[in-house]
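Notes to accompany the following structure.
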Amino acid sequence: MPEHDVLIIGAGLAGQRAALAAAEAGANVAIMSKVHPVRSHSVAAAGGINAAISLDDDWHSHAYDTVKGSDFLGDQDAIEIMCSEAPAEVMHLEHIGVPFHRNDRGEMDLRAFGGASMKRTAYVADITGQALLHVLYEQLLKHHETVARYEEWFTTSLLIGAEGECAGVIARDVRSGRMEAFVAKNVILACGGAGQCYKPTTNGLIVTGDGIALAYRAGAPLMDMEMVQYHPTTLVGSGILITEGARGEGAHLLNSEGERFMSKSAPNKMELASRDVVSRAEQIEIDEGRGVGPDKQGIYLDVTVVPRKRTLEALREIVSLGRDFAGVDITREPIMIRPGQHYIMGGVKTDIWGRTPIAGLYAAGEVACVSVHGGNRLGANSLLDTLIFGRRSGENAAARAASMGMPDVDTSAALKRDIAEIDAIISRDHGGRRISEIKDELGVTMNKYAAVFRDAEGLDAALGIIQRLKEEATKAWIDDRGTVFNQDVLGALELGYMIDCAEATVVAAIERKESRGAQFRTDFPERNDDDWLKHIDISLNGAGPEVSYSPVTITQWQPEERKY
Ligand SMILES: Cc1cc2nc3c(=O)[nH]c(=O)nc-3n(C[C@H](O)[C@H](O)[C@H](O)COP(=O)(O)OP(=O)(O)OC[C@H]3O[C@@H](n4cnc5c(N)ncnc54)[C@H](O)[C@@H]3O)c2cc1C
């Protein structure tokens, strides 16, 4: 049976950064991923990564922008760590080979991004995530003697020891269907977000909330789950992302009257206000009949105001996306976009070292909620979050491993249980619904009721539907009864994870009776610091979610009205 000091579930940026940090600290490390590491969703990240590296910038300014962007729900101790450690992290990436874009003077170039008071986003054209992920993977290969790689292994549950500590995982080899127990002194969840709970979403098919549900089922609390980011510029229909880099380069948003409507809600920052503000402004234009397109459900993003040479150089990926998925040459005509689900600010509650309340269990990256994003994430702060808290989790887990022996845990019962669960899914008769039908209904429901604008009636309706889908999922059937690359059976497990995440999201959204960040309640349209300047924590109690609260950490920035 494999045994490791530090076992990392997820090989996106958070997981790979954690693995490198733990390996460099001398631990015996393993990294597991349900897809090949460079297919992890971090590869899709486009616009860049924030750090106060310019001479006239200061990490305090980055931190204040992040606190303000979070609508004062972010924990300021964690934000201070992220922003103060950002410059060294980005320079480290540069030194290990990330080819960041340079300006005419040969310095690292920085682009403007939403909610930032100055240009501080380092980038590699609009393929920043791909550049980062490939360079980190090269580094990981250098450590092949101390880092075991379980590529295309799917984690089905966490192993919990007699004292309630995390002592490893149960996983399935996707290639053969073989199930195995892995014992570990520490497990770091780096499984990414849960965007597939929504339809459409900018997130890939593999982003199904696995890590959030695994931790939740093992007893770890979730935090800020109601805070779901709608990105202002996603293609109408497909939901594919058009990076904020486009607005950073100067693109305009226009309604059907040709008006730059952002002047109404953000006269100073205009298109570069924070994402929650811009998405709401777009939705208002659409809801009030000033949308564009045949059914007026879109808004124009006009990139033609950016010099064509610059667009072709710095935004080449979205030039291709526009052409291939909307039939539009964005250098010559506006493209139709609308707000679309993009990111979850919530996740597994952690401290500033990535530790959850379960001993030996860590979380980092989009799966986690150390609460650096609070109610709304600033663009280009997520890549930073993955790297800073991935590294810190790896370092802390390696240090913890050095002080303890390998857990003595009985793995057989958990292994048998997971094998039996998978066998039962494979052998279900065709009486119920298909997995894909249930997943579609879940996504459409979330996009209808838990979107840019929410109210009690819609959220209650969503909860009722989710609870029915939860029941239907227990009988849903699949076609593939084999063992080799049986994606059908993994899809059934992922559906269960997504339903858990969606339920926690809606319960938290019902609970928060105010409007803050990405949560805008039309029935409670004001921010209410007296009653709601606190985190909502969701824990699994029996079969359902239970709500509790925790305080927001405020260090230097008192809540104030947010204006852009
Ligand atoms: C289109 C797009 C563009 C973006 N652009 C930017 C940007 O420019 N700047 C920015 O800051 N942020 C951006 N973001 C957000 C950012 O990319 C993500 O939040 C971040 O990359 C998440 O990284 P991660 O390491 O947490 O997870 P991921 O990269 O999603 O990796 C998750 C890993 O977990 C593994 N995994 C999941 N479940 C299991 C399981 N059950 N068993 C085994 N392995 C499992 C997966 O295989 C994968 O390896 C963008 C997001 C999208 C969708």
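The values are calculated or read from the model by the stated rules, or taken from the named source; none is laboratory data. None of the values given here were measured: they were computed from a predicted structure. Glycine also receives a Cβ, built like all others from the backbone with ideal geometry; neighbour counts cover every protein chain displayed. Ligands, DNA and RNA are excluded from the accessible area calculation, which covers all protein heavy atoms including side chains. Shrake-Rupley method; radii C 1.70, N 1.55, O 1.52, S 1.80 Å.
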Matching residues in region 1-34 (surrounded by fewer than 24 Cβ atoms within 10 Å (Cβ to Cβ) and under 18 Å from residue 409 (Cα atoms)) number 4
Residues of region 171-191 being near the ligand (Cβ under 7 Å from one of its atoms) and open to solvent by 20 Å² or more (accessible area, probe 1.4 Å), in sequence order, are 191
Say whether the condition of being touching a His at 6+ places or on another chain (Cβ under 8 Å), more than 22 Å from residue 155 (Cβ to Cβ), without any contact (Cβ under 8 Å) to a residue 24 or more places away in the chain and open to solvent by 70 Å² or more (accessible area, probe 1.4 Å) is met by at least one residue in region 533-544.
no
When residue 510 is run through (1) β-branched (Val, Ile, Thr); (2) closer than 25 Å to residue 438 by Cβ; (3) touching a residue at least 60 places away in the same chain (Cβ under 8 Å); (4) surrounded by fewer than 22 Cβ atoms within 10 Å (Cβ to Cβ), the failure sits at (3)
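Within region 215-274, track down each residue that is assigned to a loop (DSSP other than H, G, I, E, B), within 13 Å of the ligand (Cβ to nearest atom) and open to solvent by 20 Å² or more (accessible area, probe 1.4 Å). Steps first, answer last, please.
Taking region 215-274 and keeping what is assigned to a loop (DSSP other than H, G, I, E, B), we get 218-221, 224-227, 236-240, 242-244, 249-251, 255-261, 266-269, 273-274.
This time we only want the ones that are within 13 Å of the ligand (Cβ to nearest atom), so: 238-240, 242-244.
The answer is 238, 240.
Suppose the filter is open to solvent by 20 Å² or more (accessible area, probe 1.4 Å), closer than 25 Å to residue 25 by Cα and in a strand (DSSP E or B); does residue 167 pass it?
Numbers: open to solvent by 20 Å² or more (accessible area, probe 1.4 Å): no; closer than 25 Å to residue 25 by Cα: yes; in a strand (DSSP E or B): yes.
Judged against the criteria, residue 167 is not a match.
Would you mind finding the one in 383, 463 that is open to solvent by less than 40 Å² (accessible area, probe 1.4 Å), of a type in the set (A, V, I, L, M, F, W, C) and either part of a loop (DSSP other than H, G, I, E, B) or over 23 Å from residue 520 (Cα atoms) (or both)?
From the options 383, 463, the qualifying one is 383.
To keep it simple, each residue is scored yes or no on (1) within 15 Å of the ligand (Cβ to nearest atom); (2) touching a residue at least 60 places away in the same chain (Cβ under 8 Å); (3) β-branched (Val, Ile, Thr); (4) within 26 Å of residue 241 (Cα to Cα).
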site: 7; (1), (2), (3), (4): yes, yes, no, no
site: 14; (1), (2), (3), (4): yes, yes, no, yes
site: 38; (1), (2), (3), (4): yes, yes, yes, yes
site: 43; (1), (2), (3), (4): yes, yes, yes, yes
site: 65; (1), (2), (3), (4): yes, yes, no, yes
site: 86; (1), (2), (3), (4): yes, yes, no, yes
Taking region 325-351 and keeping only residues that are assigned to a loop (DSSP other than H, G, I, E, B), under 24 Å from the mean Cα position of the chain (by Cα) and among the polar types (S, T, N, Q), one is left with 350
In the set 491, 443, the lone residue that is open to solvent by less than 10 Å² (accessible area, probe 1.4 Å), within 16 Å of the ligand (Cβ to nearest atom) and touching a residue at least 24 places away in the same chain (Cβ under 8 Å) is 443
